[in-house]
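One structure below.
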Amino acid sequence: GVRWKAALPAADAPRLKEPLKPVFEEVPVYSVGRVGPEHAYVGDTWLIKTYQGGILVDTGGTSGIPLTLERVRAAGLDPGDIRYVLLSHTHGDHLNAVYLWRARGAEVVAPASAAFGATWVVPQWNGYGVSAPCPIDRPLPLRRAGDEAETTLCGVRVKAIFAPGH
């Protein structure tokens with residue numbers, strides 16, 4: 001039988017009145033995550049706009065998704081045009097929502113060493129809200145401090161340097 005009868009309230013994030021401006025003038029990087037002092041569930045998320053679509057650097061927590069979607073739109077990009085998520089590291093406030101972006105079609109790029117954290121540790125032990133296991137689609141050969149790797153995302157050459165911790 002039915003075990004839940006209460007309707008849960010749901011609302012979209014409020015529309016931004018002004019277009020979102022880049023962090024630095026004439027550099028297509030936008031802050032699309034945290035907007036105030038909150039941290040644990042939203043975190044910092046950065047959008048890099050390119051002619052081939054968007055790259056998100058980190059995803060924040062799942063509770064921040066409505067806000068992030070609105071801020072991506074306000075930056076002038078359809079959220080469906082996010083092609084890649086580039087994870088800086090495997091703390092819950094940086095990757096909890098990665099599986100939602102992957103479900104929307106984004107490819108997950110991260111150090112090869114992030115696979116264990118993204119598929120097992122964070123979903124099991126994380127204190128940052130809901131998380132589901134998420135495979136790394138493009139593992140970068142970064143395992144130790146100082147390791148470097150280059151890849152191309154949306155036509156942009158990206159150089160990644162492994163630096164442990166925050």
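So the values come out like this:
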{"item": "Relative counts (whole %) of C-alpha pair distances in the chain, using bins that are 10 Å wide", "result": "11, 38, 35, 12, 3, 1"}
{"item": "Computed [θ] at 222 nm, deg cm²/dmol, the chain (DSSP H ≥ 4; -39,500 (n - 2.57); rounded to nearest 500)", "result": "-3500 deg cm²/dmol"}
{"item": "Fraction of accessible area attributable to carbon and sulfur, the chain (%, probe 1.4 Å)", "result": "56"}
{"item": "For the chain, built as a Gaussian network whose Cα springs stay under 10 Å, the top-fluctuating residue of V98, V27, V130", "result": "V27"}
{"item": "The chain: most fluctuating residue of E18, E148, E107 per GNM, C-alpha cutoff 10 Å", "result": "E18"}
{"item": "Peptide ranges 76-85, 153-162 listed from the most packed, as the mean C-beta count within 10 angstrom indicates", "result": "76-85, 153-162"}
{"item": "Solvent-accessible heavy-atom area per residue, rounded to whole Å², over segment 1-106 at 1.4 Å", "result": "58"}
{"item": "For segment 1-95, diffusion coefficient by Stokes-Einstein and Kirkwood Rh (Cα), 10 °C, 1.306 mPa s, µm²/s", "result": "112"}
{"item": "Nearest-0.05 FRET efficiency for F116 and V23, computed from C-beta distance (R0 30 Å)", "result": "0.40"}
{"item": "Rh (Kirkwood; distinct C-alpha pairs) - segment 75-166, Å", "result": "13.6"}
{"item": "Probe 1.4 Å, all protein chains present, accessible-area order of E26, E150, E70, largest first", "result": "E26, E150, E70"}
{"item": "Full-stretch length increase - A145, W125 - with 0.36 nm per residue and alpha-carbon distance subtracted", "result": "4.8 nm"}
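The values are calculated or read from the model by the stated rules, or taken from the named source; none is laboratory data. Quick caveat, the model's predicted, so the values are computed rather than measured. Positions of Cβ are generated from backbone atoms using ideal geometry, with glycine treated the same way; all protein chains shown enter the neighbour counts. To get the accessible areas, we keep the full protein, side chains included, count just its heavy atoms, and leave off ligands, DNA and RNA. Shrake-Rupley method; radii C 1.70, N 1.55, O 1.52, S 1.80 Å.
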